[in-house]
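Have a look at the structure below, then the notes.
Please treat every number below as a calculation from the coordinates, not as lab data. Because the structure is predicted, anything quoted here is derived from the model rather than measured. Backbone-built Cβ (ideal geometry, glycine too); neighbour counts: all protein chains shown.
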Amino acid sequence: MIVDVHGHLGPWFFFPSEGTAAENLRVMDTYGIDVQLVSSVEAVAYDPAAGNAALAGAIGDEPRLRGLFVIDPRDLAAAEQQLDELRGSFVGAKIHTHYSATPAGSPAMADALRVCADADLPALVHTWGTEILDLADTVASVPGVRAIAGHMGGPAWRLAPEALTRTDRLWLEPCYSRPDAGRVRWVLDRVDPRRMLFGTDSTLIDPALAFGAIRAAHLSAEEERLVMSANAIDLFGLDLWRGEEPPTALHLTGPLKDERPGANGPHGVS
C-alpha cells in the first residue's frame with residue numbers, strides 16, 4: 001500500500017488545472033497511490049476558511065482522499081472556531097511557513113502547533129533551508145505536538161538527521177522538485193526509518209519525482225513498508241480497509257520493483 005501524506009486539491013494559480021477530486025484520483029491511479037492526504041490549494045495560498053470548507057465538501061466520503069486542515073498562524077481564533085465545526089473531516093493539519101509569513105521558529109508557529117496538539121492532529125509543516133532545525137526546536141517546546149518536516153528542509157536536507165536528534169516528535173517527508181542524487185538514501189542511513197513518510201506534493205509536482213527518489217534509494221523491504229505506508233497509518237491513525245483489498249489494483253511492488261529495462265516507462269515508474 002502507498003500512502004501519500006503531502007497532496008493538494010484545487011486549481012493552482014500559475015497553471016491550468018481542473019483542481020477536482022477526480023483529477024487527484026486519476027493521478028493517484030497512474031502511480032498506484034492508494035491514499036492521499038490533501039490540503040486545499042485555496043486554503044494554503046489565499047483563504048484558509050473558504051478553502052478548508054470547500055475541501056471538506058469535495059472529498060466527502062471518498063476513502064482514498066483524507067483532509068489536512070490548513071492553519072494560518074496569523075489568525076488562530078478563526079482556525080480554532082472552524083476546526084471545531086469541521087473536525088471530523090480532517091486527519092491532520094497543514095501549515096505553510098512562507099505563504100503565512102510565519103517562520104518555523106517563531107512564537108506564532110508554537111501557538112499554531114499547540115492548536116494542533118490540542119486537537120490531536122499531526123501537522124505537516126513546510127520547511128525550507130535551516131528552518132527544519134527551527135521547526136525541530138519549536139516542536140520540542142510544545143508538549144504533545146507531532147509534526148512532519150515537509151520537503152525535509154529542501155536544499156538543506158543534510159540537516160534532517162540533526163533535526164531528529166532535537167525531538168522525538170518530528171518526522172521527515174522528502175518530496176522535492178530538485179532531485180539531488182542519493183538524498184533519500186543518505187538520510188535513511190542516518191535516521192530511524194520509522195521517522196520518514198512518503199509524499200509527492202501532487203498536484204503541484206508530478207509524483208514521478210518522488211517515486212524516482214524512492215526507487216533510487218533502494219529501500220529494504222522493511223524500509224519500504226514503513227516509509228510508503230505503515231508510518232503514515234500509525235501517525236495519522238488512518239482507518240483503512242481492515243485487510244480488505246483497497247479500491248485500486250496498483251501497488252508498490254508494481255511501480256517500484258519491476259527492474260526490466262523499459263518496463264516502467266520513461267519516468268522510471270508506471
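Given the criterion within 14 Å of the chain's Cα centre (by Cα) and under 21 Å from R114 (Cα atoms), identify the matching residue among G199, G150.
G150
Spot the failing condition for T102; the list is (1) within 30 Å of G212 (Cα to Cα); (2) out of contact with any Gly (no Cβ under 6 Å at 6 or more places or on another chain); (3) hydroxyl-bearing (S, T, Y), and only one is missed.
Here T102 clears every test but (1).
Kindly indicate whether any position in the stretch 94-106 is hydroxyl-bearing (S, T, Y) and closer than 20 Å to Y176 by Cβ.
For the stretch 94-106, residues hydroxyl-bearing (S, T, Y) and closer than 20 Å to Y176 by Cβ: present.
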